[in-house]
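J.: My questions all concern the structure below.
The values are calculated or read from the model by the stated rules, or taken from the named source; none is laboratory data. None of these values were measured; they are calculated from a predicted model. Ideal geometry is used to build each Cβ from the backbone, glycine not excepted, and the neighbour counts take in all protein chains shown.
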Amino acid sequence: AKIKEVVFVKSSSRAKDCPKHDRPEFAILGRSNVGKSSLINALVRKKDVALTSKKPGKTKLINHFLVNKSWYFVDLPGYGFAKAPEAARMDWSAFTKGFFLNRDNLVTVLLLVDASVPPQRIDLDCANWLGRNNIPLTFVFTKCDKMKGGKGRDELLLHMSQLRNYWDQ
Ligand code: GDP
């Protein structure tokens, strides 16, 4: 269905401060700089919506947006650093695990993965943790246009199988 209206509802620092579990929600998660804001802006075709999460102090917050008065779009803090070494691990202690474990209205987590590089340790950690906790997960590849060598499809399938293996563990 077409996205007609997007309204910012609130920013929460903890799961228990989030809006009531009264509507289906889709959460968007990924490494910093993976293209989260660009995707949100493209989806809602409104330049200023995702900017909320870029304001200082808001980056660690869970941001709820109500779409078409019927479902929530949830912008989660980016993990890792833009220039993180490949070996960086997921620091769940600094992240809001409670959100994933306590939202029974969570339809799926959209996990954004940069397709122009092999899946990073931290993405695999993230997929693995979500999988072990039975959180529904959908992989979304970004930056497909930056994939090298014209072998896009094969390379994507390879990334996908690596991620899936971790998710299934
Ligand atoms: P965020 O930190 O995850 O919100 O990432 P942004 O949406 O701010 O994007 C980070 C950088 O990647 C920006 O310079 C974007 O222009 C760029 N970017 C985002 N999506 C794509 C994509 O699909 N292809 C390419 N080539 N660049 C992208």
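J.: Looking for whichever is assigned to a helix (DSSP H, G or I) and at pLDDT 90 or above here; the options are PHE73, PHE100. Which one fits? Write out each step before concluding.
T.: Numbers: PHE73 fails: assigned to a helix (DSSP H, G or I).
When all the criteria are applied, what remains is PHE100.
J.: In addition: Test of understanding: among LEU66, LEU43, which residue is at pLDDT 80 or above, outside any loop (DSSP other than H, G, I, E, B) and over 19 Å from ARG121 (Cα atoms)? Lay out the reasoning, then the answer.
T.: Numbers: LEU43 fails: at pLDDT 80 or above.
None of the others qualify; the one that does is LEU66.
J.: Test LYS58 against the stated conditions and say whether it is over 19 Å from THR108 (Cβ atoms), at pLDDT 90 or above, under 18 Å from the mean Cα position of the chain (by Cα) and of a type in the set (D, E, K, R).
T.: Working: over 19 Å from THR108 (Cβ atoms): yes; at pLDDT 90 or above: no; under 18 Å from the mean Cα position of the chain (by Cα): yes; of a type in the set (D, E, K, R): yes.
Here the answer is no, as LYS58 does not meet what is asked.
J.: Filter the stretch 1-39 down to residues that are part of a strand (DSSP E or B) and among the charged types (D, E, K, R) and give me whichever is surrounded by the most Cβ atoms within 10 Å (Cβ to Cβ).
T.: Initial filter on the stretch 1-39 (part of a strand (DSSP E or B)): 6-12, 25-31.
Checking the rest, the ones that are also among the charged types (D, E, K, R) come to 10, 25, 31.
Values: LYS10: 13, GLU25: 22, ARG31: 24.
Looking at the filtered set, the residue picked out is ARG31.
J.: Sort out which residues of the stretch 97-118 are touching a strand residue (DSSP E or B) at 6+ places or on another chain (Cβ under 6 Å) and away from the ligand (no atom under 16 Å from the Cβ), and write them in order of number.
T.: PHE99, ASN105, LEU106, VAL107, THR108
J.: Restricting the first residue to the stretch 125-153 and requiring it to be more than 21 Å from LEU43 (Cα to Cα) and assigned to a helix (DSSP H, G or I), which pairs with a second residue that is of a type in the set (Lys, Arg) and at pLDDT below 85 meet a Cβ separation below 7 Å and a spacing of at least six or different chains?
T.: Here the result reads ASP125/ARG89, each pair linking the stretch 125-153 to a residue that is of a type in the set (Lys, Arg) and at pLDDT below 85.
J.: Condition test on VAL49, is it more than 10 Å from the ligand (Cβ to nearest atom), at pLDDT below 85 and farther than 29 Å from LEU124 by Cβ? Please lay out each step first, then the result.
T.: On the way: more than 10 Å from the ligand (Cβ to nearest atom): yes; at pLDDT below 85: yes; farther than 29 Å from LEU124 by Cβ: yes.
So VAL49 passes the test.
J.: Another one. Within the stretch 11-29, take every residue that is touching a strand residue (DSSP E or B) at 6+ places or on another chain (Cβ under 6 Å) and either of a type in the set (Ser, Thr, Tyr) or modelled with pLDDT under 90 (or both) and give me the one that is farthest from the ligand (Cβ to nearest atom). Reasoning before the result, please.
T.: Within the stretch 11-29, the subset touching a strand residue (DSSP E or B) at 6+ places or on another chain (Cβ under 6 Å) is 11-12, 18-19, 23-29.
Still in the list and also either of a type in the set (Ser, Thr, Tyr) or modelled with pLDDT under 90 (or both): 11-12.
Details: SER11: 16, SER12: 19 Å.
So the residue we want is SER12.
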